[in-house]
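Input: a single structure, listed below in C-alpha cells.
The values are calculated or read from the model by the stated rules, or taken from the named source; none is laboratory data. Remember, it's a predicted structure, so these values are computed and weren't measured experimentally. Note that each Cβ is placed from the backbone with ideal geometry, even for glycine, and that neighbours are counted across all protein chains shown.
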Amino acid sequence: MANPSRRASDYRPTIWAAGAVVYRMRDGKPEILLAHRPRYNDWSVPKGKLDRGESFKLCAEREVFEESGASGVVEQAIGTVGYVTPAGNNKVVRYWLLRAKNVKFRANAEVDKIRWMRPRKALSKASYGRDIRLIEAAILTAKDREPGTIHLIRHAHANDKAKWKKPDSIRPITKRGHEQVEGLVTRLVRTPINNILSSPMLRCEQTVDPLALRLGLVLQTTKKLRRDTAPRDMLRMIKKYRGTRTVMCSHGETIGPLIEHLAADPKVDLKGGLEWPKGSVWELTTRRGRVVKARYTPPA
C-alpha cells in the first residue's frame, strides 16, 4: 500500500551522489576548500554522482580528487542531505569530512578554481544553504571531534486516543499530522543526518519514515523511545549517538520530562518555552555526549 505521507515528487527518479567537506589545518586553525563551477557560477562543496557499483565513500574520495585535486584521510561521515534538482529529480548526497594531505589542482571542465578559506569566510562564500550547514557541522567536527546534534521530534498529530478502539500501537497520524510531516521533511531534508530513530508506535514511524525514505536511510525503531522513558535513560541513549546528527521521534510523555530535566541543569543553554506539542522539534547540541544546548522549533 502506498505511503499516504509521500508526495508525487518523491517517486521521481532519485540521483544518488556523495561528496566531502575538505579541510586542512593552518596555524592550528581549519581552512575549508570550496570549488568554483563556471557552469553554475557557484562556490560549493565537492560532490558528484555515483558510478555503477561504487560505494558512497569511494565516490566521495573520487569526486573530491577529480574536482579539486585533493586527497587525504576520510575522517568521519557528516550526514546525508537531499534536495530537488532544477529538472525536478530528488537528489540525495552523503557527505564525509576529509582532511587534505595533498592537493594538486588543475582546472577542469567542472571546476575552474578552488579556494581555501577560514571558516567564517567559507560560510559567507558558499552559494547554498545546505553547504553552509555542512560546513558548520564540519568545522565543529574538525575542532571538537565529538560534537553532535539530536533532532528530538514529538510525533505528528494523531487520531484521538479516547476515540481510538484498536491497539494504541497502531494509532495513525491524521491529515493534519501528514501536513506536519511534510513540514518536517522540508525543514530537515537539507540538514545533514546520520541516523533516524523512532519509537515502534505507528504514529512515530509515520512521522519520520518519509524523511528516511527521502534520504535513503534505514528507519530504526527502538523501545527506548517509547512513552515514559525516564530522562536518565534518554540521556544515556543520546550519549550513545555522540558525534552524530541523529533524528529521534518519541512521545510527549518522554520528551516533556527530558526537557524539564535539561531546563533545570545550569550547564545547559536552553532557549524556548517548556513546550513540546505534536510535530515540534527540540534541537539538542551535544559535546562529548552531553547535552550543552537546546533549541525549540514549533510544529510546521
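Please tell me if residue 63 is crowded, with 16+ Cβ neighbours inside 10 Å, outside any strand (DSSP E or B) and touching a strand residue (DSSP E or B) at 6+ places or on another chain (Cβ under 7 Å).
On the way: crowded, with 16+ Cβ neighbours inside 10 Å: yes; outside any strand (DSSP E or B): yes; touching a strand residue (DSSP E or B) at 6+ places or on another chain (Cβ under 7 Å): yes.
The answer is yes for residue 63.
Can you find a residue that is touching a strand residue (DSSP E or B) at 6+ places or on another chain (Cβ under 9 Å) and more than 30 Å from residue 256 (Cβ to Cβ) anywhere in the range 172-184?
No, the range 172-184 contains no residue that is touching a strand residue (DSSP E or B) at 6+ places or on another chain (Cβ under 9 Å) and more than 30 Å from residue 256 (Cβ to Cβ).
Yes or no: residue 267 in contact with a helix residue (DSSP H, G or I) (Cβ under 7 Å, 6 or more places away or on another chain) and charged (D, E, K, R)?
no
The rows are residues; the columns are (1) in the same structural domain as residue 124 (by TED's automatic domain parsing); (2) touching a Phe, Trp or Tyr at 6+ places or on another chain (Cβ under 6 Å); (3) touching a residue at least 60 places away in the same chain (Cβ under 8 Å); (4) crowded, with 19+ Cβ neighbours inside 10 Å.
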site: 28; (1), (2), (3), (4): yes, no, no, no
site: 35; (1), (2), (3), (4): yes, no, yes, yes
site: 54; (1), (2), (3), (4): yes, no, no, no
site: 57; (1), (2), (3), (4): yes, no, no, no
site: 67; (1), (2), (3), (4): yes, no, no, yes
site: 84; (1), (2), (3), (4): yes, no, yes, no
site: 90; (1), (2), (3), (4): yes, no, yes, yes
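Return the residues of the range 37-52 that are within 21 Å of residue 133 (Cα to Cα) and either surrounded by fewer than 20 Cβ atoms within 10 Å (Cβ to Cβ) or not polar (S, T, N, Q) (or both); say none if nothing qualifies.
Listed by number, the residues that qualify are 37, 40, 41, 42, 43, 45, 46, 47, 48, 49.
Which one is modelled with the highest pLDDT, of the residues in the range 31-49 that are on the phi < 0 side of the Ramachandran plot, outside any strand (DSSP E or B) and over 21 Å from the mean Cα position of the chain (by Cα)?
Filtering first and then ranking leaves 38.
Is it the case that some residue within the range 93-111 is buried (at least 21 other Cβ atoms within 10 Å of the Cβ) and assigned to a helix (DSSP H, G or I)?
No, there is no match, as no residue in the range 93-111 is buried (at least 21 other Cβ atoms within 10 Å of the Cβ) and assigned to a helix (DSSP H, G or I).
Out of the residues in the range 171-203 meeting the condition of being among the charged types (D, E, K, R) and at pLDDT below 95, tell me which one is surrounded by the fewest Cβ atoms within 10 Å (Cβ to Cβ).
Checked the range 171-203; the qualifying residue surrounded by the fewest Cβ atoms within 10 Å (Cβ to Cβ) is 187.
Specify the residue that is modelled with the lowest pLDDT; the eligible residues are those in the range 1-30 that are over 21 Å from the mean Cα position of the chain (by Cα) and of a type in the set (A, V, I, L, M).
Among residues in the range 1-30 that are over 21 Å from the mean Cα position of the chain (by Cα) and of a type in the set (A, V, I, L, M), the one modelled with the lowest pLDDT is 1.
Search the range 207-222 for residues that are in the same structural domain as residue 152 (by TED's automatic domain parsing) and pair each with any residue that is acidic (Asp, Glu) and in a helix (DSSP H, G or I) when their beta-carbon atoms are under 9 Å apart and the residues are at least 6 apart or on different chains.
The qualifying pairs are 210/10; 210/182; 213/10; 214/10; 219/205; 219/209; 221/205.
What single numbered condition from (1) part of a helix (DSSP H, G or I); (2) modelled with pLDDT of 95 or more; (3) crowded, with 18+ Cβ neighbours inside 10 Å fails to hold for residue 114?
Condition not satisfied by residue 114: (1).
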